[in-house]
1. Can you name the number of the only condition in (1) acidic (Asp, Glu); (2) closer than 22 Å to GLU51 by Cα; (3) at pLDDT below 95 that ASP91 fails?
2. Would you please name the residue that is modelled with the highest pLDDT, looking only at residues in segment 128-141 that are over 19 Å from LEU12 (Cα atoms) and assigned to a loop (DSSP other than H, G, I, E, B)?
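The values are calculated or read from the model by the stated rules, or taken from the named source; none is laboratory data. Here the structure is a predicted model, which is why all the values come from computation and not from measurement. Neighbour counts run over all protein chains shown; Cβ positions are idealised from the backbone, glycine included.
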Amino acid sequence: MEKRYYPYEDFLDDTKSLTQKIDWKFDTIIPIARGGFSLAHLLGEYYNIREVYSINTIGYDDTIKLESVKVFNIPELGEAKNVLIVDDIVDSGDTLVEVLKVLRQAYPNVNFKTAALFYKKSAKIAPDWYVKEADKWIEFFWTEDIKRKI
């Protein structure tokens, strides 16, 4: 499988590009764990939003795609009206489809939109905002750098 290393500097530049694309006022951010955590943290700081929760999914075993996506740890959204769901990449789209299904069932009166750093055109769903198209496996700095240093 062909891979591309994605360094921290590119992550910062692309996060800035993403903020310039998002043209929607939201009050809550939900990263899809784990890939969306770093992006959600920066967006929370940038937009001064403290309502940053997470939702968990399991759709891969390392680089092997599982047959179905498990969604769990659904956050309590309380007063949320407009929620931005973020992830590092929309690959097949299975994870995002399942997360949206679960959240819309749990919170039918909340508006959900999505953002990602990377998106594959072959995905079942496109995020509302993304920065780059992915044509190979992305090795994010938070995975590769940690493995090298620990």
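1. (2)
2. So in segment 128-141, the residues over 19 Å from LEU12 (Cα atoms) come out as 128, 135-137.
Pick out the ones that are also assigned to a loop (DSSP other than H, G, I, E, B) and you get 128, 135-136.
Values: ASP128: 98, ASP135: 89, LYS136: 87.
Selected residue: ASP128.
Residues checked against (1) over 17 Å from GLU139 (Cα atoms); (2) surrounded by fewer than 17 Cβ atoms within 10 Å (Cβ to Cβ); (3) of a type in the set (Val, Ile, Thr):
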site: THR15; (1), (2), (3): no, no, yes
site: LYS21; (1), (2), (3): yes, yes, no
site: LYS25; (1), (2), (3): yes, yes, no
site: ALA40; (1), (2), (3): yes, no, no
site: GLY78; (1), (2), (3): yes, yes, no
site: ILE85; (1), (2), (3): yes, no, yes
site: VAL90; (1), (2), (3): no, no, yes
